[in-house]
Amino acid sequence: MKTNAARQLDTLGIQYELREYEVDPEDLSAETVAAKVGLPAEQVFKTLVARGDRSGVLMAVVPGDAELDLKALARLSGDRKVDTVPLKELQPLTGFIRGGVTAIGGKKEYPVFVDETVELFDVISVSAGVRGTQILIAPADYLKVVKGKVGPISRPKV
């Protein structure tokens with residue numbers, strides 16, 4: 001299925017692969033998605049939506065086996081404080097539902113901050129903008145498309 005994200009990559013002439021999987025609405029975890037698309041969790045990146053006290057709405061892209069470090073994100077984004085947005089604001093802000101958020105092809109372009117581990121891989125997986133479809137893409141291409149700023153914004157899950 002072609003999503004807005006896939007169409008945007010096509011327009012830009014960027015190579016990618018779509019990988020579909022069976023969705024379990026009770027388990028949208030990145031680890032589960034990773035197993036279903038055949039990649040280690042650290043190679044499947046989840047996109048979280050946050051709001052900084054100075055920068056406003058932004059997107060944080062972190063590996064599936066880690067969690068977002070809000071203090072590190074605040075430092076990288078130039079904010080004093082950053083919090084994830086409430087679930088009810090997700091769709092109005094991005095046009096996406098939980099489990100389908102992506103920084104590519106959204107209804108509005110927000111600043112994107114990507115964990116530095118993205119550079120360890122030849123290919124990463126991110127949501128294609130719907131539950132059940134992932135985009136496999138080279139990190140350099142992903143960063144170029146989303147105009148991502150790279151830094152240490154994740155920490156191991158507790």
Matching residues in the range 58-84 (open to solvent by less than 10 Å² (accessible area, probe 1.4 Å), part of a helix (DSSP H, G or I) and over 23 Å from Gln43 (Cα atoms)) number 1
Condition set under 12 Å from the mean Cα position of the chain (by Cα) and of a type in the set (Ser, Thr, Tyr), scope the range 111-158, selection nearest to Ser29 (Cα to Cα): answer is Ser127
Filtering the range 13-29 down to residues that are outside any loop (DSSP other than H, G, I, E, B) and within 18 Å of Tyr142 (Cα to Cα) yields Glu17, Leu18, Arg19
| Based on what the data block shows, is Ala60 within 18 Å of Val118 (Cα to Cα) and without any contact (Cβ under 8 Å) to a residue 40 or more places away in the chain? | no
So, first residue closer than 16 Å to Ile137 by Cβ and modelled with pLDDT of 95 or more in the range 40-51, second residue open to solvent by less than 30 Å² (accessible area, probe 1.4 Å) and among the polar types (S, T, N, Q), Cβ within less than 8 Å, six or more apart or across chains; the pairs are Gln43/Ser125; Val44/Ser125; Val44/Gln134; Phe45/Ser125; Lys46/Ser127; Thr47/Thr102; Thr47/Ser127
Here the residues within the range 33-57 that are assigned to a loop (DSSP other than H, G, I, E, B) and touching a Pro at 6+ places or on another chain (Cβ under 8 Å) are Ser55
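The values are calculated or read from the model by the stated rules, or taken from the named source; none is laboratory data. Owing to the predicted nature of the structure, the values given are computational and were not obtained by experimental measurement. Positions of Cβ are backbone-derived with ideal geometry, glycine not excepted, and every protein chain shown enters the neighbour counts. Keep in mind that these areas ignore ligands, DNA and RNA; they rest on the heavy atoms of the full protein, side chains included. Shrake-Rupley method; radii C 1.70, N 1.55, O 1.52, S 1.80 Å.
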